[in-house]
Amino acid sequence: MKITILAVGKLKEKYLTEAVKEYLKRMKPYATVEIVEVPECRTVEEEGDKLLARIPAASWVCVLDVHGELISSEGLAKVVADLTLSGQSKLTFVIGGAFGISQKLRETAAMRLSLSKMTFTHQMTRLILMEHGEPYHW
């Protein structure tokens, strides 16, 4: 399984960077995980175009979206397991910037996922998504 986490901006806070590194290490036995960062832009549309350009070919795409579907950790693990069983070997999770994601990107996604009814910074979203890759949900 190859998982790409495609995100706007770089993690600047050391505590977040260290936590993401730890979860990357924990996920190594289960999947190859790559984090791809695109620079912040002036508009959501411009960021969306940069993100779309970096989605790997033949990848199933899940966009993290405040208006997306709310599911449990176990529900997300089931989605990933079902995709794996169906032969899908590339997954991409897309995290927009501070102002969200473009409509074009929403329309491209196979799934739109909301992590909570609460709003998190895009940096925290990256960490939360990484934590949900832990095998106790798989």
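Quick notes on this one:
- Residue satisfying all of: in the range 40-49; open to solvent by 80 Å² or more (accessible area, probe 1.4 Å) and either outside any helix (DSSP H, G or I) or of a type outside the set (Asp, Glu) (or both); nearest to Ile3 (Cα to Cα) among these: Glu40
- Qualifying positions in the range 86-101 - touching a helix residue (DSSP H, G or I) at 6+ places or on another chain (Cβ under 7 Å) and either under 16 Å from Met130 (Cα atoms) or at pLDDT 95 or above (or both): Leu91, Phe93, Val94, Ile95, Gly96
- Subset of the range 97-120 [without any contact (Cβ under 8 Å) to a residue 24 or more places away in the chain and open to solvent by less than 90 Å² (accessible area, probe 1.4 Å)]: Phe120
- Residue within the range 77-85 that is assigned to a loop (DSSP other than H, G, I, E, B) and either closer than 18 Å to Ile3 by Cβ or at pLDDT 95 or above (or both) present: no
- Filtered residue count, the range 50-76, keeping only those that are in a loop (DSSP other than H, G, I, E, B), among the β-branched types (Val, Ile, Thr) and closer than 20 Å to Ala7 by Cβ: 1
- Among residues of the range 78-96 being of a type in the set (Val, Ile, Thr) and within 15 Å of Arg112 (Cβ to Cβ), the one that is most open to solvent (accessible area, probe 1.4 Å) is Val79.
The values are calculated or read from the model by the stated rules, or taken from the named source; none is laboratory data. All values reported here derive from a predicted model rather than from experimental measurement. For neighbour counting, all protein chains shown are included, and Cβ atoms are generated from backbone atoms with ideal geometry for every residue, glycine included. The accessibility values were calculated without ligands, DNA or RNA, using every heavy atom of the protein model including side chains. Shrake-Rupley method; radii C 1.70, N 1.55, O 1.52, S 1.80 Å.
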